[in-house]
Amino acid sequence: MFISFEGIDGSGKSTQAKRLAETLRNRGIAVSLTREPGGSEGAEQIRKLLVEGKGERWSPETELLLFTAARRDHVERLITPALERNETVISDRFADSSRVYQGLVRAENRQLVEELHRLMIVVEPDLTFIIDTDPSVARNRGVIRGGTEDRFESLGLGFQLRLREGFLALAAEFPLRIRIIDGSGSEDEVAARVLSHLP
Ligand SMILES: Nc1ncnc2c1ncn2[C@@H]1O[C@H](COP(=O)(O)OP(=O)(O)OP(=O)(O)O)[C@@H](O)[C@H]1O
Ligand SMILES: Cc1cn([C@H]2C[C@H](O)[C@@H](COP(=O)(O)O)O2)c(=O)[nH]c1=O
């Protein structure tokens with residue numbers, strides 16, 4: 001089974017992806033926990049080009065091609081082999097991030113994102129959790145966490161508000177695959193909401 005976690009920056013995706021992986025492993029299920037951009041050696045190198053630094057380094061189209069190249073390598077080298085070994089793959093972000101960031105918010109390239117996905121990626125998660133967290137709450141969590149903002153986080157609260165709307169619109173487009181999880185409350189409360197969607 002292939003499960004992805006999606007949402008705005010700082011929504012709590014990584015925390016919940018890790019917790020679900022731990023819960024499933026405790027049930028004796030083999031899990032590959034991975035992330036995007038990244039997850040394979042080559043894709044982690046592309047990640048650095050994409051997220052480090054600030055400012056508009058790439059045009060929206062070049063940015064989309066780099067995310068797609070990273071995803072292709074990730075799928076070829078990690079995701080497909082793990083699924084073939086009958087492992088459960090949990091990915092912290094996958095193609096829905098490109099649909100929302102590159103397809104709806106950074107530029108209106110939705111059609112191009114789908115075309116590239118159809119030609120180069122094909123694989124789709126069986127189940128996707130969007131951790132839906134108020135952008136101000138997510139931002140405060142980031143402040144508490146400390147560290148530096150990546151290129152996308154540095155675009156500000158208005159950008160995160162538009163991303164949230166984009167993720168909610170995407171959920172309406174894929175109602176069978178995508179579940180919206182209320183990201184408010186404690187980590188335990190959010191984890192219980194995620195688990196309620198699994199057998
Ligand atoms: N439910 C929660 N309540 C309070 N703090 C939380 C909760 N979930 C996560 N956090 C904290 O918020 C911060 C961001 O969480 P996390 O890294 O899981 O988010 P993310 O969506 O993966 O972020 P990013 O997109 O920036 O990688 C972390 O410091 C984490 O410990
Ligand atoms: C996969 C993917 C990611 N992004 C953006 C979203 C984030 O701001 C950064 C890095 O991700 P992280 O969860 O904060 O580690 O990259 C994107 O714009 N498009 C994508 O396809």
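Restricting to the stretch 104-130, name every residue that is open to solvent by less than 50 Å² (accessible area, probe 1.4 Å) and free of Cβ contacts under 8 Å to residues at least 12 places away in the same chain.
Selection gives Arg110 alone.
Would the stretch 131-148 turn up any residue that is in a loop (DSSP other than H, G, I, E, B) and in contact (Cβ under 8 Å) with a residue 12 or more places away in the chain?
The answer is yes, given that some residue of the stretch 131-148 is in a loop (DSSP other than H, G, I, E, B) and in contact (Cβ under 8 Å) with a residue 12 or more places away in the chain.
Residues being of a type outside the set (A, V, I, L, M, F, W, C), touching a residue at least 40 places away in the same chain (Cβ under 8 Å) and either buried (at least 19 other Cβ atoms within 10 Å of the Cβ) or part of a helix (DSSP H, G or I) (or both): count how many of those fall in the stretch 38-83.
Of the residues in that region, 9 qualify.
Step by step: first the residues of the stretch 160-199, then only those that are hydrophobic (A, V, I, L, M, F, W, C), outside any helix (DSSP H, G or I) and over 20 Å from Asp9 (Cα atoms), then the one that is least open to solvent (accessible area, probe 1.4 Å). Which residue is that?
Out of the qualifying residues, it is Leu198.
State which residue pairs qualify: first residue more than 17 Å from Ser186 (Cβ to Cβ) and without any contact (Cβ under 8 Å) to a residue 40 or more places away in the chain and inside the stretch 9-37, second residue aliphatic (A, V, I, L, M) and more than 16 Å from ligand 2 (Cβ to nearest atom) in any location, beta carbons under 8 Å apart, and separation of 6 or more residues or different chains.
Arg25/Val31
Residues checked against (1) out of contact with any strand residue (DSSP E or B) (no Cβ under 7 Å at 6 or more places or on another chain); (2) within 19 Å of Gly7 (Cβ to Cβ); (3) within 12 Å of ligand 2 (Cβ to nearest atom); (4) at pLDDT below 95:
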site: Arg47; (1), (2), (3), (4): yes, yes, yes, no
site: Glu56; (1), (2), (3), (4): yes, no, no, yes
site: Leu64; (1), (2), (3), (4): yes, no, yes, no
site: Phe67; (1), (2), (3), (4): yes, yes, yes, no
site: Arg77; (1), (2), (3), (4): yes, no, no, no
site: Ile90; (1), (2), (3), (4): no, yes, no, no
site: Ser97; (1), (2), (3), (4): no, yes, yes, no
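For Ser97, indicate whether it is in contact (Cβ under 8 Å) with a residue 24 or more places away in the chain, surrounded by 17 or more Cβ atoms within 10 Å (Cβ to Cβ), in contact with a Lys or Arg (Cβ under 8 Å, 6 or more places away or on another chain) and closer than 23 Å to Glu41 by Cβ.
Considered against the rule, which asks whether it is in contact (Cβ under 8 Å) with a residue 24 or more places away in the chain, surrounded by 17 or more Cβ atoms within 10 Å (Cβ to Cβ), in contact with a Lys or Arg (Cβ under 8 Å, 6 or more places away or on another chain) and closer than 23 Å to Glu41 by Cβ, Ser97 comes out as no.
The values are calculated or read from the model by the stated rules, or taken from the named source; none is laboratory data. Every value quoted in this text rests on a predicted model; they were computed, and no experiment measured them. Glycine gets a Cβ as well: all are built from the backbone with ideal geometry, and neighbour counts include every protein chain shown. Keep in mind that these areas ignore ligands, DNA and RNA; they rest on the heavy atoms of the full protein, side chains included. Shrake-Rupley method; radii C 1.70, N 1.55, O 1.52, S 1.80 Å.
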